[in-house]
Amino acid sequence: MANETQVTPESGNADAAQPVSEAVREAVESGRDTADQVRQIVVDLFSGKRSPVTSARDAIQGMLETASEIANRSAPEKAESVVKNIIDGIGTGLKSVAQTTQDAVQDATARGQRFATEDVERAKRDLSSIGEILVDTAKYFAGRVSSETGSAYQSTKSHAEQTMAAAKPVVASSLEALAKHPIQTAGEAAGTALRGSQLTAGALLSFVSGALAGAAELLDPDRRKKSEEKTSSGDSADPQS
């Protein structure tokens, strides 16, 4: 089970990264809130909607390559904005995933519930992978500054560093919450299957995936507020909602 977040060329990550890169390109071309769309793409990676979590690192690397490609084809006055929006989406997406994991663990702990050992260990590996992605993203733009002369890379280097740094404390606190969580042993799980204080294997991952896939507004107070306002003012506007 070790190193599940590490990926190999044989694991098909190129196939997983390609549709993600296309989604990023479509987000930029749509003219809508690019950062928010990219954030949702990243969240989808970890909710299992696009590809296994194990390929998230390669998929996000593909997103960075796409950002550079789009910037190089954009007008100079737009290039910097395009790249920064994609950086913002990646950073907030990763931060959302980490925060959701932390919330799930803290809620279970407060209720006196314990996740299965395998759940907690996998969540730790996923969070460690997110930490690596944050470092990768900052390094990517630092490397481009040394090889590119465009002003977009000079400006986005510090923006990438600041954005990824802002997500690191959430990853760290999520890992800390997991480390403190009183996990159940295999013997406890078998002997106390009917006790309400026990959570079966897959409970943590199911909770996090469900929160990420089904309720994006829960991760974004502004979006939640807009959703609530829309619901209260226009319930009859969409008969199929």
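Under the simplified labelling scheme, the Glu65-Lys124 pair shows an inter-label distance of 3.3 nm, with each label point 7 Å from Cα along Cα→Cβ.
With a 10 Å radius around each residue's Cβ, average the other Cβ atoms per peptide and rank 39-46, 22-29, 96-103, 79-86, highest first.
On the way: 39-46: 24.8, 22-29: 17.5, 96-103: 23.1, 79-86: 21.5.
In descending order of packing, they fall as 39-46, 96-103, 79-86, 22-29.
If a spin label sat at a point 7 angstrom from the Cα of Ala172 along the line to its beta carbon, the backbone N atoms of the range 121-141 nearer than 20 Å would be those of 124-139.
Where a number appears in this text, it was derived from the coordinates with a stated rule and is not lab data. In this text, all values refer to a predicted model and were calculated from it rather than measured experimentally. All Cβ positions, glycine included, derive from the backbone under ideal geometry; neighbour counts span all protein chains shown.
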